[in-house]
Amino acid sequence: MDRYHIALFIHLVALLVAAGATAVTKLAVGRRARARTVGEALDWHTVLMSTSKLFPICLAVFVITGGYMLAVTQVHAWSTGFVVAGLVGVALLLINGVFLATKGKALKQVLDEMAKQGADRPAPKLVPPPLLAALPVINTGVALGVVFDMVTKPASIPIALSVVGIGMALGAAGAMRRPAPAGEGVRAS
């Protein structure tokens with residue numbers, strides 16, 4: 001056992017935590033959308049917001065442990081394609097996460113106000129703008145592109161960034177295939 005392999009283990013644990021958090025947040029979004037009362041929608045939104053706090057921690061762990069493994073092995077430079085693509089992927093995920101968190105806080109305020117008038121009232125039909133609905137799926141595509149790069153380790157920056165771009169495009173295509181929510185509702189901006 002050495003420090004490199006401990007760092008690799010922590011790196012992989014962060015990946016598992018991020019994957020688990022993704023599953024919980026996707027479940028919470030679905031349950032929030034099907035909530036029958038304002039209180040239930042608020043409860044699921046709170047689960048979503050609490051769980052999403054794990055993502056920036058995981059991103060920091062990825063960068064710290066990945067940087068440590070690069071420094072220890074001295075086989076690859078920070079300018080190697082898969083490393084650059086990983087850092088770009090982390091930046092994209094962080095930016096998208098901050099945007100989603102800001103929108104989530106605004107929705108929480110709306111739900112809090114509605115709950116003050118009665119948490120047992122029927123939940124509104126929440127209709128997110130298309131970009132807001134697509135970003136989580138796009139983030140999954142970016143993450144899968146980065147994981148592919150980390151496994152295959154392309155040295156070429158254009159190739160490695162193309163893989164992340166393909167992941168992003170596949171995520172966007174997957175998000176566009178989802179049916180739009182029926183009917184009018186509260187705009188979840």
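Close amide H contacts of THR37 (hydrogens built in the peptide plane, cut-off under 5 Å, sequence separation of 5 or more or a different chain): ALA123. Helix 157-177 and the long axis of the chain differ in direction by around 20°, with both axes built from C-alpha atoms.
From the backbone phi of the range 56-63, what are the Karplus-calculated ³J(HN,Hα) couplings (6.51 cos²θ - 1.76 cosθ + 1.60, θ = phi - 60°) in whole Hz, Gly and Pro given as x? Values, residue by residue: x, 5, 4, 4, 5, 5, 4, 5 Hz.
The long axis of helix 130-152 is offset from the longest Cα principal axis of the chain by roughly 20 degrees. Lys-Lys pairs in the chain that are eight or more residues apart or on separate chains and whose Cα atoms lie under 18 Å of each other come to 14.
Across the range 1-100, how large is the tail of the calculated P(r) beyond 23 Å, expressed as a percent of all Cα pairs? Working shown, then result.
Details: 1931 of 4950 pairs.
Of all Cα-Cα distances in the range 1-100, 39 percent exceed 23 Å.
The mean of 1/r over all distinct Cα pairs in the chain, once inverted, gives the Kirkwood hydrodynamic radius of 17.9 Å. Do you know the relative contact order of the range 1-150, to the nearest whole percent, from alpha carbon pairs under 8 angstrom that are 6+ apart? In percent, rounded to a whole number, it is 33. When the charge dipole of the range 32-189 is built from unit charges on Cβ atoms (+1 for Lys and Arg, -1 for Asp and Glu) and taken about the Cα centre, the candidate among ILE138, LEU87, VAL163 whose Cα reaches farthest toward its positive end is ILE138. Dipole magnitude for the range 3-181: about 400 debye, using +1 per Lys or Arg Cβ and -1 per Asp or Glu Cβ, origin at the Cα centre.
Within 10 Å of each residue's Cβ, count the other Cβ atoms and sort ASP43, ASP112 from fewest upward.
Starting with the residue having the fewest Cβ neighbours, the order is ASP112, ASP43.
Each value in this text was obtained by applying a stated rule to the coordinates, not by laboratory testing. Not measured: the values here are computed from a predicted model. We place every Cβ from the backbone using ideal geometry, glycine too, and count neighbours over all the protein chains shown.
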